[in-house]
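Participant: Sharing a structure here in structure tokens format.
Derivation of every value follows stated rules applied to the coordinates shown; laboratory data play no part. Here the structure is a predicted model, which means the values were calculated and not measured. Cβ coordinates were reconstructed from backbone atoms using ideal geometry, including for glycine residues, and neighbour counts include every protein chain displayed.
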Amino acid sequence: MPPRTLASLAHALTVSASPDAALQALGEARFNAVLEDHARLVAGAFDAEGGHRVRMEGDSFFYVFDRPTAAVAAVTAAQRALAAHAFPENVSIRVRMGLHTGEASLGSAATGADYVGYDVHRAARIAGAGHGGQVLLSEPVSPT
């Protein structure tokens, strides 16, 4: 990854609207299929808008975009794809997503981080403040 200033940071975390017991009742194979569908739908929407995957951890994604408008289009498409998808046993997968625009730089081997900077942490905090099915935007991303 070459060093660059990021126009927009997008960080998405998955939160199921179904109780954990309902997800566990699916069994390991069907639960894994749900996670695979979720990953395919979210990554497909983000990739289609020119997003660059930084990392995926569990059911969480960290993507960067060159333009805030592309990030907004990506999360909108991802939420719509998730809402329209028929998951096994009618399980509802609701995703909270947060967008923030700012700068970041490559991390060092000492930190083990890929991208670092205040704005990376801010994007994660914004995503974490949401509820399943919500997209939260920081003021710099919001249309004026």
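Participant: No solvent, one uniform scatterer per C-alpha: report log10 I(q)/I(0) for the range 8-137 via the Debye equation at q = 0.10, 0.15 1/Å, two decimals.
Facilitator: Taking Cα atoms of the range 8-137 as identical point scatterers yields -0.31, -0.68.
Participant: For a footprinting-style exposure proxy, rank Asp66, Asp37 by other Cβ within 10 Å, fewest first.
Facilitator: Asp66, Asp37
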